[in-house]
Amino acid sequence: MGGSTGLHSSPSGLQGRIKGIYREVAKFGAVGGVGVLVNIAVFNLVRHATNLQVVRASIVATVVSIAFNYIGFRYFTYRDREKTGRTKELGLFLFFSAIGLVIENGVLYAVTYGMGWDSSLQSNIAKFAGIGVATLFRFWSYRSWVFKALPARDALEQAESFLAGDAAAETTRR
């Protein structure tokens, strides 16, 4: 009998975690989606309004979107996360963002100079593809290293899950 209640309490704890990750992904996606629009808009503006080469225009756009995204992630997506050590947080954010910048613009560089595709449409497709690849890296690194969950919150969630399992077991015994 005790084994069956454990099975009933685990899915609810798992469901809570899945819902939490779903909300996090949705918020990350909302901020990131607007960041992509900022990135693409600035890229095209800089590319067509200046004489900068494609990859350099892209780097300018990526830097602008990194600044936009930090504000969105800190004050919307991860506002409930640890707020101590903002200097360290910003340093880590910039470090991982720089790696994302290299990934994103590396794709654009390879397509532009390796394949010779330099039309506006080809550059935008390559830019968008690079953003996609870099976004996967950024999501993992930001949630793992930059905007860490509060340790007390994790412990509280585990304790609540454990107590919910004990309450369900007690109800089943009656």
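Between Phe139 and Lys27, the simple spin-label model (points 7 angstrom out along Cα→Cβ) gives 1.5 nm. By the count of other C-beta atoms within 10 Å, a proxy for reagent exposure, Asp80, Asp118 are ordered fewest to most as Asp80, Asp118.
Computed 3J(HN,Hα) for segment 46-57, one whole-Hz value per residue from the Karplus formula 6.51 cos²θ - 1.76 cosθ + 1.60 where θ = phi - 60°, is 5, 4, 8, 9, 10, 9, 5, 5, 3, 5, 5, 4, glycine and proline marked x.
With the simple model of a label 7 Å out from the Cα in the direction of the Cβ, Ser119 to Ala49 spans 2.6 nm.
Here, each number is a calculation from the coordinates, and none is a lab measurement. This is a predicted model, so every value here is computed, not measured. Using ideal geometry, Cβ is built from the backbone for each residue, glycine included, and neighbour counts are taken over all protein chains shown.
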